[in-house]
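To start, the structure under review is shown below, and the notes come after it.
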Amino acid sequence: MTAIDELLQRNAVAGELGHPEIPSPKPSLHLAIVTCMDARIKVFDVFGLRHGEAHILRNAGGVVTDDMIRSLTISQRKLETQEIIVMQHTSCGLATFTEDDFKDELERTTGLRPPWALEAFREVKDSVRQSVQRVRRSPFLLHTDQVRGFVYDVSTALLHEVI
């Protein structure tokens, strides 16, 4: 059985499918969270979130990229979010290689060099600071004064604010 088949089977027997009592896509806390796709990060548990409270946007590294700005802009301008959390984490895969080395590898194996930035980093706190600054400087976002950055420690499950 494939992983997708297993998830479809779980869905078929799940006691609670979705939350039909939440009629709006607008998050009740008016909050968006940008974080990494790492499977160890259970965003709902980290923040004690309930369904319908926040938009959760994920990518490799939890980095604020142009596409993340696109999603945040929609979140703010059409779905009324006003605050943003940027949460990256310790032991992130993006800190294990360099941009050039990975692009070289892809070029060797595919014959093409990717045009997009990987956003690899050495120090997670610096990456969080950079992402927070990208949010604060974006001309497309309405609310840039309530943006805070954090590092989630995957070994302790604690958050550390990055100033």
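Some notes on this structure:
- Contact order relative to length of region 49-163, as percent, for alpha carbon pairs under 8 angstrom and 6 or more apart: 33 percent
- Modelled spin labels at residue 100 and residue 51, positioned 7 Å past Cα toward Cβ, are 4.9 nm from each other.
- Whole-Hz couplings from phi, Karplus 6.51/-1.76/1.60, listed for region 83-94; x for Gly and Pro: 10, 9, 10, 10, 10, 9, 8, 6, 6, 7, x, 5
- From the largest down, the chain spans 50, 48, 33 angstrom on the principal axes of its Cα atoms.
- Projecting the Cα positions of 79, 33, 139 onto the charge dipole of region 24-162 (unit charges on Cβ atoms of Lys, Arg, Asp and Glu, taken about the Cα centre) puts 79 furthest along the positive direction.
- Rounded FRET efficiency, nearest 0.05, which uses the C-beta distance separating residue 145 from residue 8 and R0 of 45 Å: 0.55
- Among residues other than residue 153 with Cβ under 13 Å from its Cβ, the summed charge is 0 (Lys and Arg +1, Asp and Glu -1).
- If the segment from residue 109 to residue 39 were pulled out straight at 0.36 nm per residue, it would be longer than the present Cα-Cα gap by 22.5 nm.
- In nm, spacing of pseudo-spin labels at residue 58 and residue 158 (7 Å Cα→C-beta vector): 2.5 nm
- Exposure proxy order (Cβ contacts within 10 Å, fewest to most) of 68, 1, 37: 1, 37, 68
- Whichever aspartates and glutamates have a C-alpha closer than 13 Å to that of residue 42, once near sequence neighbours (fewer than 8 apart) are set aside: 153
Readers should treat all values here as calculations from the given coordinates under stated rules, not as data from a laboratory. Keep in mind it's a predicted model, so treat the numbers as computed, not measured. Positions of Cβ are generated from backbone atoms using ideal geometry, with glycine treated the same way; all protein chains shown enter the neighbour counts.
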